[in-house]
Structure formats: C-alpha cells, structure tokens
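Colleague: Pasting a structure below so you can have a look.
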Amino acid sequence: MKRLSWFPMAVIAATSTAILSMSSCGGGGKPDNEIWIGAYLSLSGQQATFGKTTEEGIRMAVEERNAKGGVKGKVIKLFVEDNKGQTSETQNAVKRLIGEKVDAILGEVASGQSLAAAPICQQNSMPMISPSSTNPEVTKVGDMIFRVCFIDPDQGYACAKFSIDDLKAMKAAILYDQKQPYSTGLADNFEEWYKKLGGTITTKQAYSGGNVDFSAQLTTIRDSKPGIVFIPGYYNEVPSIAIQARKLGIEVPLLGADGWETDDLAKKAEGKLEGCYYSNHYDPDDASRPESLDYQKRFKAKYGKGTSALAALGYDAANVLFDAMERAPSLSGKDLAKALAETKDFKGVTGDINFDKNRNTLKPIVILKIEGGKEKYVTTIDPPKN
Amino acid sequence: MLETLIHGISTGSLYALIALGYTMVYGVLQFINFAHGDLVMVGAWLSLIIATSLGFSADSGIGGVLAAVFVMLISMVLCGGMGVLVERLAYRPLRQAPRLNILTTAIGVSLLIQNTGQLPFVFGTETGTMTALINDSLPMFHLGDVPIYTLDVIILTLAIGLMFALDRLVYRSKVGLAMRGVSHDVDTTALMGVNVDRVISLTFFIGTSLAAAGGTLYILKYRQVQQPADLSWIMLGLKAFVAAVVGGIGNIRGAMLGGMLIGLLEQFTRRYQSPELSDIYVFALLIVVLLAKPTGIMGKPVRTKV
C-alpha cells in the first residue's frame with residue numbers, strides 16, 4: 001500500500017500541470033486598429049448544435065466584413081466563449097468578455113442563456129444582440145439588449161393558427177420543458193392563441209430537460225385524444241419523445257417550434273417524425289430574396305453544406321451590428337445602442353430588420369414539414385396585427 | 001393503470017440494477033461510491049462505441065439479442081477493470097483515513113470521470129444514438145390490451161437474475177464468506193489468511209460491471225446517449241442511490257425492492273399526480289424512510305451488512 005502512494009500524487013500533479021498550461025490568461029490590451037466582438041454560445045452540452053451553427057454564421061460575417069476593409073477602417077476580431085449550455089457558464093463568459101473590453105456582444109440562441117447574460121450586459125452598458133432567442137422577456141431587460149428574430153407570442157400565434165386553419169386540429173395537447181424559459185413561455189403563448197382561435201387544450205404536460213422517459217406524460221396525452229401535440233422543446237429531447245409517442249400509439253402529427261432545428265433531427269427520430277411540423281425563422285428556398293440566395297451560395301462554398309436558420313440569424317446579427325458600428329459616432333455602449341435602435345430596413349438574409357420600441361424584430365414565421373427525412377417549406381404566417 | 005404499472009416495473013428494474021452496485025460496495029466497505037453513477041455513464045458510452053465500431057445494426061431476431069449481450073459483456077469487463085483501477089488509485093490509499101475523506105474523494109473521482117469523458121477524444125460533448133439492437137417497436141405479447149416489449153422483459157429478468165446470483169455469491173460461496181468477513185472486521189479476516197486487497201478489488205469489479213450492465217440496458221431502452229456530464233446521468237445515479245438507501249443500503253434484496261419502489265413511484269406520480277413534481281416525490285420518499293426506519297426498509301439495525 002505504501003509502495004503505491006506516490007502514484008496518485010504523480011497523476012494529480014501531471015494532470016493539474018496539464019490543465020494549468022492549457023488555460024490561457026487573456027492579457028494584453030486591444031490595439032487601436034481593432035474592434036473586438038464577443039460571442040457566448042453553447043458549443044458543447046445539450047444545445048451544442050445551436051452554438052456551433054450560429055458560430056458559423058457569425059464567423060462568416062466577420063471574415064467577409066474584414067475582407068471588405070472592416071468597420072471604420074478597423075479589423076474586427078471575434079472572441080467566442082463556450083457556455084456549455086449552462087447559465088452559470090454564460091454569466092462567467094459574459095463577465096470575461098466584458099472584462100476584456102469587447103465593444104459588443106452577440107448571443108445566445110436558448111432564451112434561458114440570453115436571460116442570464118442580458119442583465120450583466122445591461123449593467124455594464126454593453127450592447128448585446130441575440131440572434132435567435134425568442135422569449136419576449138429577453139429584450140425587456142433593458143435598452144442595451146436587441147434581437148434580430150421574432151418573439152414567442154408571434155410564434156405561438158403562428159403555430160396555433162396553423163394547427164387550426166391548415167391542419168383543422170381543434171384539440172391540442174402540450175408537452176413542454178419546465179426548465180427552459182423558452183419552452184414554458186412558448187407553451188403559454190400557444191395555449192393563449194389556440195383558445196382565442198377557438199381550439200381546446202386537452203392536457204398540458206411537463207418534463208424536465210435531462211429526462212429520458214416520457215411514457216407517463218405521453219400516456220396521459222394519448223388518453224386525452226388530441227388532434228395535434230405541441231412540443232415547444234429543444235431538439236435534444238424531441239427524437240426520444242417522438243419515438244416513445246409513436247410506441248405508445250399517438251398517431252397525430254407532432255408540432256414543434258424553432259428549438260427543433262438541428263441537422264439530423266429526422267434521422268435521430270428514426271422516421272418517427274415523418275409528417276410532423278415545426279415553425280422556424282427562415283426558408284432557405286424562398287427565391288424572393290436575392291440577399292438570401294447569394295448568402296447561401298457563399299455559405300455552401302465556405303462550409304460545404306446548406307445553411308441553417310440559426311447560422312443565417314447569426315450572420316444577420318453580426319451584420320446588423322457592423323452596420324450600426326459604422327453609423328455610430330463612437331463605439332461606446334450608449335452610442336452603439338442608439339445607432340442599433342436607429343437601424344432602418346436593414347436587408348438581412350432572413351428578412352428586413354427594423355427594431356421596434358422593445359428592440360424586437362417583426363418577422364413572418366415559416367412552417368416546415370418533415371417529409372422523407374427532410375424539412376420542406378409549407379407556408380408562411382405573418383405575425384398577428386395589433 | 002396496468003400500463004403505468006408496467007412502465008414503473010421497467011424503469012424500476014433499471015434503478016434496481018444500478019442500486020445493486022451501490023449496495024455491494026457499501027456492504028463490504030461501508031462507504032458510498034459516489035462515482036458509481038458516472039461508471040454507469042462510462043458503461044453506456046463504452047457499449048455505444050463497441051456496438052458502433054463493430055457495425056452492429058438493428059435486428060429484430062435473436063441475432064440482436066446476442067449482439068446486445070456481447071456488447072454488454074465487453075462493456076462490463078472494461079468498466080469493471082476501471083472500477084478496480086479507481087479503487088486502487090483513489091480509495092485504497094485512504095483505507096485507513098476517516099470515512100469523510102473517502103467520501104470527498106469519491107465526489108472528486110466522479111467529477112474527474114465526467115470531465116475527462118467530455119474531452120473530444122474520449123466521448124465528446126455530443127449526444128450519441130444507440131442502434132436498436134433489440135427491436136422495440138413490435139411488442140412481444142399483450143397483457144390485456146397493454147403491449148409488453150422484449151427489451152423490458154429482458155431488463156426485468158436480468159435484474160432479478162443478477163440479484164439472485166449476487167445473493168448466492170455473497171451467502172453461499174467462499175469469496176462471499178471472505179467479503180462478509182471483510183465487511184465485519186478487516187484485520188481479523190486478514191489474519192485468517194484472506195487476501196483483503198483482492199476481495200475488495202473483486203467487490204469493485206462486480207459492483208462496477210453491474211453499473212455497466214445497467215448503463216448498457218439503459219441506452220438500449222432509451223437509445224439517446226447523453227453527453228458525459230449531462231444531468232440525466234446524475235439523476236439516474238442519484239435515483240439509484242435513493243433506491244439503495246430506501247431498500248436498506250448494504251442489502252441486496254433491499255436494492256431490488258428500493259429500485260422497484262422508486263420506478264413505480266416515479267411513473268405513478270407522473271401519470272396521476274403531476275409530472276412537474278415527480279422527482280420531489282422520489283426524494284420525499286427517501287426522507288420519509290430515513291425518518292421512519294433509518295436503515296432502510298429491509299436493512300437490519302447495525303450488524304448485518306451485505
């Protein structure tokens with residue numbers, strides 16, 4: 001026993017040296033000819049797809065802009081921090097970025113993460129643009145927080161309207177993730193609109209992100225005999241839910257929202273999502289926007305694959321920011337936020353971008369159908385008028 | 001009702017399998033191996049890697065079952081070896097130290113496994129998908145109008161079978177006698193000519209390979225293999241631990257009973273109470289049992305461990 005006791009110590013010493021040498025310490029200041037932009041994204045963890053795809057869009061925007069001479073004649077440098085899909089990591093990442101004196105921050109996709117970061121950005125007068133967080137609370141945090149996508153009351157409306165008008169489903173069950181503000185908010189928005197439009201909610205069931213067994217909730221849903229099941233969750237749990245739902249005998253279509261978007265959703269669900277629908281930000285096949293078609297060509301050339309809505313929104317968020325930086329008299333938080341708020345008819349890839357008084361963007365919602373393992377465009381629904 | 005009962009038994013037998021490992025180690029060493037839940041994760045990931053690299057595909061016949069058993073056995077051996085290694089490097093040097101030190105070390109080991117597992121060249125941070133080795137879209141038979149699936153039958157049979165095998169091993173074999181000896185009095189057992197280190201290593205090997213078996217069955221059932229540090233692994237380990245304690249930690253049949261109870265409680269509260277609160281009911285049961293009978297349902301006061 002004594003003989004071996006040096007060994008664990010040696011292992012600990014070796015690993016800790018390795019870990020210490022890997023973590024870099026920021027250091028150094030920002031040179032005058034550079035503009036620094038920070039992004040906090042979930043590059044790993046449960047929503048890794050969100051972070052990775054968004055980063056592709058942002059990175060492409062930065063490279064293209066630098067190739068055209070940057071902003072105000074300065075080179076843009078991008079700093080990406082991985083928050084692992086955890087709010088505590090998000091807060092650390094954003095504090096670190098602010099500490100390094102970046103000029104603006106981009107992020108996040110999941111509303112829960114954006115909600116964790118927004119108060120810190122607001123307190124530090126740091127403009128933040130969320131590419132794709134749809135929960136309305138995100139921009140309510142303050143005048144430094146913007147987004148380039150639609151909000152969940154509109155998305156909930158679109159899903160409800162589509163179920164009733166197009167699918168003629170007058171009875172819906174809801175299955176939502178009680179741990180995600182995105183999911184709870186959207187579930188409420190959908191319920192409100194669905195009832196307003198004349199439908200009934202047969203049951204509303206919750207799960208927690210990280211659950212793997214949904215059989216009890218799905219049994220309740222099946223027995224309530226809905227015409228459609230609305231699942232405003234994130235892509236990670238959706239394939240399991242679909243497989244278990246079909247196994248339990250739920251045959252009606254499942255309907256989701258933008259949180260479903262990931263490369264291999266249909267494949268992961270092993271065909272059990274055939275004939276299901278989800279709402280999203282963007283239809284890449286929409287030929288009416290030259291900006292979009294052009295962007296897709298460049299995206300394909302760079303990454304060798306088609307774009308996702310999240311990548312396109314990341315691209316738009318970055319370009320809206322560059323546009324505002326160019327117009328702002330200085331890059332101070334106040335000036336930049338003012339310039340951002342004055343954005344007028346910016347020709348984005350995903351649509352024209354104007355910020356309303358709550359710094360949200362009004363955009364139509366696209367409905368996609370999963371058919372033959374691929375997403376197909378079905379229809380576009382405009383946000384409700386009021 | 002019947003349907004929920006079956007769902008409960010099916011998840012319960014998974015908890016029971018994992019709880020057996022907790023109980024086994026506790027029975028011999030009187031300490032809770034908090035890294036056990038992470039070893040379940042390692043076992044699951046190893047099975048996924050083995051099945052994918054051997055190119056096993058979905059199979060509805062007996063071939064799939066054989067492939068699953070094969071994958072599970074390799075994963076059990078590898079994982080068991082890892083358990084022995086963990087004991088040797090992390091716990092053995094602390095054998096004379098106060099109990100609290102080992103407990104803290106166990107939490108450290110757990111974090112180490114989780115974080116090493118996330119490295120890109122280990123398991124990475126993406127979700128994996130396990131092949132449906134045992135076809136679960138066609139039911140084996142119907143009980144009333146409730147379909148019963150092959151996999152669930154296999155899991156239940158395996159859990160009960162392993163429980164009896166362990167029971168026999170501990171109470172009816174020479175090694176078991178040595179284990180019980182170590183559990184009562186290490187020094188005297190050593191004086192009787194028992195190689196204590198080897199007995200403890202063996203205990204860890206069996207306990208950890210049970211974790212791997214649990215992990216393999218878990219991903220065969222749910223198929224989505226979450227990344228190493230995912231909350232679902234932590235919850236799985238925690239619930240199995242609760243099962244072991246509720247049943248009476250150190251007691252093999254208790255672990256089985258505890259696992260079933262937790263599985264049933266979880267499914268019934270989700271179905272008939274509220275899914276939002278099902279975890280709360282599980283942990284409330286732990287508190288109630290600890291208050292009413294601190295040694296657990298089947299635990300006898302003080303003496304008998306294992």
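Values quoted throughout were computed directly from the atomic coordinates according to the rules given, and no laboratory measurement underlies them. Everything numeric here is computed off the predicted structure, so don't read it as measured data. Note: ideal-geometry Cβ built from the backbone for every residue, glycine included; neighbour counts use all protein chains shown.
Colleague: Could you give the dipole magnitude of the protein assembly as shown about its Cα centre, charging the beta-carbon of Lys and Arg +1 and that of Asp and Glu -1, in debye to the nearest 20?
Modeller: The calculated dipole for the protein assembly as shown is roughly 1860 debye.
Colleague: Can you compute the FRET efficiency between B:Ser53 and A:Asp264 using 1/(1 + (r/R0)^6), with r the Cβ-Cβ distance and R0 = 22 Å? Round to the nearest 0.05.
Modeller: 0.65
Colleague: For the protein assembly as shown, what number results from the quotient of the Cα radius of gyration and 2.2 N^0.38 Å?
Modeller: Output field value: 1.04.
Colleague: Scan segment A:338-371 for trypsin sites (Lys or Arg not before Pro) in coil per DSSP, keeping those whose Cβ has at most 13 other Cβ atoms within 10 Å, and list them by number.
Modeller: The qualifying sites are A:Lys344, A:Lys357.
Colleague: Let me ask something additional. Sequence neighbours fewer than 8 away in the same chain don't count; with that in mind, list the lysines whose C-alpha is under 27 Å from A:Lys196.
Modeller: Leaving aside lysines fewer than 8 places away in the same chain, those within reach of A:Lys196 are A:Lys140, A:Lys161, A:Lys168, A:Lys171, A:Lys179, A:Lys204, A:Lys225, A:Lys357, A:Lys363, A:Lys369, A:Lys385.
Colleague: Would any residue of segment A:166-203 have its amide N under 13 Å from a label point 7 Å out along Cα→Cβ of A:Ser224? List them or say none.
Modeller: Taking a point 7 Å out along Cα→Cβ of A:Ser224, the residues of segment A:166-203 whose backbone N falls under 13 Å are A:171-177, A:187-188, A:191-192, A:195, A:200-203.
Colleague: Still on this structure, please answer the following. How much of the pair distance distribution for segment A:205-278 lies past 21 Å, counting alpha-carbon pairs only, in percent?
Modeller: Result: 14 percent of Cα pairs exceed 21 Å.
Colleague: Within a 10 angstrom radius of the beta carbon, how do B:Met72, B:Met1, B:Met260 rank from fewest other beta carbons to most?
Modeller: B:Met1, B:Met260, B:Met72
Colleague: I would also like to ask the following. Sequence neighbours fewer than 8 away in the same chain don't count; with that in mind, list the aspartates and glutamates whose C-alpha is under 14 Å from A:Lys68.
Modeller: A:Asp323, A:Glu326
Colleague: Anyone know which of B:Asp145, B:Asp279, B:Asp167 comes out most mobile in the 10 Å Cα GNM of chain B?
Modeller: The residue that fluctuates most here is B:Asp145.
Colleague: Starting from the Cα of B:Ala97, move 7 Å in the Cα-to-Cβ direction to define the label point; list residues of segment B:11-37 whose amide nitrogen is under 19 Å from there.
Modeller: B:26, B:29-36, by backbone N distance to the label point.
Colleague: Using only atoms on other chains, find how many Cβ atoms lie within 10 Å of each Cβ of peptide A:336-342 and report the average.
Modeller: 0
Colleague: Below 30 Å, Cα to Cα, which lysines can B:Lys293 reach? Residues fewer than 8 away in the same chain don't count.
Modeller: Within the straight-line limit of under 30 Å, B:Lys293 reaches these lysines: B:Lys239, B:Lys305.
Colleague: When you look at the Cβ of every residue in B:222-235, what mean number of other chain Cβ atoms sits within 10 Å?
Modeller: Mean partner-chain Cβ count within 10 Å for B:222-235: 5.
Colleague: Under Stokes-Einstein, with the Kirkwood radius over Cα pairs standing in for Rh, what whole-number D in µm²/s applies to segment A:118-243 at 37 °C and 0.692 mPa s?
Modeller: Calculated translational D: 210 µm²/s.
Colleague: Shifting gears a bit: If you keep only loop residues by DSSP, which GluC sites (Glu not before Pro) in segment A:301-386 have at most 14 other Cβ atoms within 10 Å of their Cβ?
Modeller: Hits after loop and neighbour filter: A:Glu342.
Colleague: Taking the Cβ-Cβ separation of A:Arg298 and A:Lys374 as r and a Förster radius of 25 Å, what is the calculated FRET efficiency to the nearest 0.05?
Modeller: Approximately 0.65, to the nearest 0.05.
Colleague: Same structure again: Is any residue of segment A:67-85 close enough, with backbone N under 11 Å, to a label point placed 7 angstrom from the Cα of A:Glu100 along the Cα-Cβ axis, and if so, which?
Modeller: Residues A:77-82 fall inside that zone.
Colleague: Roughly what would the spin-label model give for A:Lys344 and B:Ile280, points 7 Å off Cα along C-beta, in nm?
Modeller: 5.4 nm
Colleague: With viscosity set to 1.567 mPa s at 4 °C, what whole-number translational diffusion coefficient in µm²/s follows for chain B from Stokes-Einstein and a Kirkwood radius over Cα pairs?
Modeller: 66 µm²/s
Colleague: Are there any trypsin sites (Lys or Arg not before Pro) in segment A:74-103 that are in a DSSP loop and have at most 13 other Cβ atoms within 10 Å? List them by number.
Modeller: Within segment A:74-103, the qualifying trypsin sites (Lys or Arg not before Pro) (loop, at most 13 other Cβ atoms within 10 Å) are A:Lys101.
Colleague: Let me ask you something else. Placing one identical point scatterer on every Cα of chain A and ignoring solvent, what is log10 I(q)/I(0) from the Debye formula at q = 0.06, 0.08, 0.10, 0.14 Å⁻¹?
Modeller: At q = 0.06, 0.08, 0.10, 0.14 Å⁻¹ the computed log10 ratios are -0.25, -0.43, -0.65, -1.16.
Colleague: Roughly how crowded by other chains is peptide B:17-27, in terms of the mean Cβ count from those chains within 10 Å of each of its Cβ atoms?
Modeller: Counting Cβ atoms of other protein chains within 10 Å of each residue's Cβ and averaging gives 0.
Colleague: Quick check on packing: order B:84-97, A:234-247, A:257-270 by the mean number of other C-beta atoms within 10 Å, highest mean leading.
Modeller: A:234-247, A:257-270, B:84-97
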